[in-house]
Amino acid sequence: MAFRMQASVPGLIDVASEKQQTLDLYGPDVKNPGSFAYNCVLARRMSESGVRFVQLYHPGWDHHGGLKAGFTKNSEETDQPAAALLQDLKQRGLLNDTIVVFATEFGRTPGAQSSDGRDHHIYGFSIWMAGAGLKHGFAYGATDEIGWKAVENPVHWYDYHATVLH
């Protein structure tokens, strides 16, 4: 099995066989190996080939300063590819039994840190999930009026993980 896995990698990471229309869906960075867009295409290809767990990572979200510029840059690099991944999975019938989770390691304080940053925050933050039979357009829980703490349906990570695994 290990040999089969290793031998399949060259074909799996070669996106040259993708239709131009598909590549365009993921955005201009899709042809740059290591970019989030490229990795989203690889995630779809891996899912298509039977890989059961794929994790994508996009660095550079730890904005203790330069918040506006950093969030603008990161959003431009992730929004279109993440949306394209969902659309591509759905078009191929893979979203029915694939769960996509977009999360961080922690939230951010609602107030500024220094002049243009935000500190780590454990009391309230958002993630989004799609696919695998999840209810569409559904929000669960809420924070207080300033986003400091979860006050409606707070979920502990243990329960969240149990839900995802279920």
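Throughout, read-outs are computed from the coordinates displayed, never taken from laboratory work. It should be emphasised that the depicted structure is a prediction, and the values quoted were computed from it without experimental measurement. Cβ atoms come from the backbone with ideal geometry, glycine included; neighbour counts cover every protein chain shown.
Just a few scattered comments:
- GNM flexibility winner over the chain from Thr78, Thr98, Thr143 (Cα, springs under 10 Å): Thr143
- Taken one residue at a time, the phi angles of the range 80-97 give Karplus couplings (6.51, -1.76, 1.60, θ = phi - 60°) of 5, x, 5, 5, 5, 4, 4, 5, 5, 4, 5, 4, 8, x, 8, 6, 4, 10 Hz. Gly and Pro are set to x.
- Estimated [θ] at 222 nm from DSSP helical runs (n ≥ 4, -39500 (n - 2.57)) normalised by residues in the chain, nearest 500: -12500 deg cm²/dmol
- Length-normalised contact order for the chain - Cα pairs under 8 Å, 6+ apart - percent: 16 percent
- Length added when fully stretched, Lys31-Ala142, from 0.36 nm per residue minus Cα-Cα: 36.1 nm
- Alpha carbon centroid spacing (whole Å) that separates the range 1-75 from the range 78-111: 12 Å
- 0 to 90° range, to nearest 10: angle between helix 2-13 axis and the chain longest Cα axis: 80 degrees
- Helix 36-48 vs. the chain, principal-axis angle (Cα, 0 to 90°, nearest 10): 60 degrees
- With at most 11 neighbouring Cβ atoms within 10 Å, loop GluC sites (Glu not before Pro) (DSSP) excluded, longest segment of the chain: 1-104
- Between Ser17, Ser35, Ser49, the residue with the greatest mean-square fluctuation in the GNM of the chain (Cα pairs under 10 Å linked by springs) is Ser17.
- Evaluated at q = 0.11, 0.12 Å⁻¹: base-10 log I(q)/I(0), Debye formula over Cα of the chain: -0.56, -0.66
- Cα gyration tensor category, rounded, prolate or oblate, for the range 29-111 with a/c compared to 1.5: prolate
- Annotation: for a label point projected 7 angstrom from Cα along Cα→Cβ of Asp79, residues of the range 108-136 with backbone N closer than 17 Å are 128.
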